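The numbers here are math on the coordinates, done by the rules we state, and not lab data. All figures in this text were calculated on a predicted structure; none of them were measured in a lab. Don't worry about glycine lacking a Cβ; one is built from the backbone with ideal geometry, like all the others, and counts go over all protein chains shown.
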Amino acid sequence: MKPVIGVTCRHDRKQIPDQYMLAGAYCRAIEKAGGIPVLLPAQAEFDRPLHSFCQGLLLSGGGDIDPAFFNEEPHPRLGTVDQERDRWELLLVRKAYAEGLSMLGICRGVQVLNVAFGGTLYQDLPAQYAQRPNRPLLEHNQQIPGDQVSHRVTIAAGSLLARILESTEIWTNSHHHQAVKDPAANLRITARSDDGVIEGLEGTGDQFLVGVQWHPERLASPDSQRLFAAFVRACR
């Protein structure tokens with residue numbers, strides 16, 4: 001049977017009536033890999049096991065994470081935050097981890113994974129990231145379309161991500177201004193861009209727990225297809 005993949009989404013309260021929304025590319029990527037996507041809108045309470053209705057969790061992209069969840073004051077360049085979504089996704093990650101479900105975090109999703117386990121974030125890369133004279137900060141919020149790549153990412157040899165992608169170097173798109181700062185203790189760094197910014201994390205145990213800072217669902221590359229295929233296969 002095809003595994004059911006729970007996918008987080010954003011809540012647009014400005015529309016009348018309000019809307020829960022998700023880019024269709026996530027669903028298409030899951031379906032192409034052999035899974036069934038199901039949206040998981042934020043709930044005030046949630047007391048049932050995740051595995052009772054889904055076999056995997058995909059944390060989608062979106063707005064900034066409230067720094068209160070990693071014990072920091074807001075930076076002046078912090079973007080729009082949604083505490084309801086933050087709380088919901090942090091809860092989902094911890095439940096999925098406790099239940100042994102496979103997880104994939106994309107863009108904001110890798111940041112949620114890190115914060116859920118005790119890591120911290122750069123609230124705004126251009127303002128907070130310590131640049132080196134011979135390694136200037138790349139453009140991490142590209143102006144070209146999202147289905148095009150804009151910078152290189154180096155993958156750690158021997159990592160699960162490298163085995164999935166069958167490479168230690170790929171080119172990716174980039175749409176973010178927050179990023180992982182201090183990785184959580186149970187996560188290891190698996191990818192960096194040429195300026196040193198963390199682009200990938202994965203768990204240290206046997207559970208499929210992978211996060212990437214780019215948007216593979218927007219790319220038609222073999223790398224992206226391998227990542228979704230490996231995730232859905234793990235969810236089986």
Value of relative contact order over the range 194-236, rounded to a whole percent, pairs C-alpha under 8 Å and six or more apart: 26
Length added when fully stretched, Ala68-Trp171, from 0.36 nm per residue minus Cα-Cα: 33.8 nm
Cα centroid separation, the range 1-71 to the range 102-151 (Å): 20
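For His75 and Ile144, compute 0.36 nm times the residue count separating them, minus their Cα-Cα distance, and round to one decimal in nm.
Result: 22.1 nm gained on full extension.
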Per-residue Cβ neighbour rank within 10 angstrom, fewest leading, Lys2, Lys14: Lys14, Lys2
Relative contact order for the range 146-191, counting Cα pairs under 8 Å that sit 6 or more residues apart, in percent: 46
Sequence-separation-based contact order of the chain, relative, with Cα cut under 8 Å and 6+ spacing, percent: 21
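Could you tell me the calculated FRET efficiency between Asp12 and Ala98, based on Cβ-Cβ distance and R0 = 25 angstrom, to the nearest 0.05?
0.25
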Reported label for calculated Cα Rg over 2.2 N^0.38 Å given (1) 1.62; (2) 1.26; (3) 0.95: (3)
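Which ordering of Glu31, Glu73, Glu45 is given by a fewest-first count of other beta-carbon atoms within 10 Å?
Numbers: Glu31 15, Glu73 8, Glu45 5.
Taking fewest neighbouring Cβ atoms as first place, the list is Glu45, Glu73, Glu31.
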Distance cut-off 21 Å, percentage of C-alpha pairs in the range 1-93 lying past it: 40
Pairs of Lys in the chain closer than 27 Å at Cα, counting only those 8 or more apart or on different chains: 4
Exposure proxy ranking, count of Cβ atoms within 10 Å, fewest first, for Arg135, Arg233: Arg135, Arg233
Virtual spin-label span in nm between Ile36 and Leu137, 7 Å along Cα→Cβ: 4.5
Normalised alpha carbon radius of gyration of the range 103-225 [divisor 2.2 N^0.38 Å]: 0.98
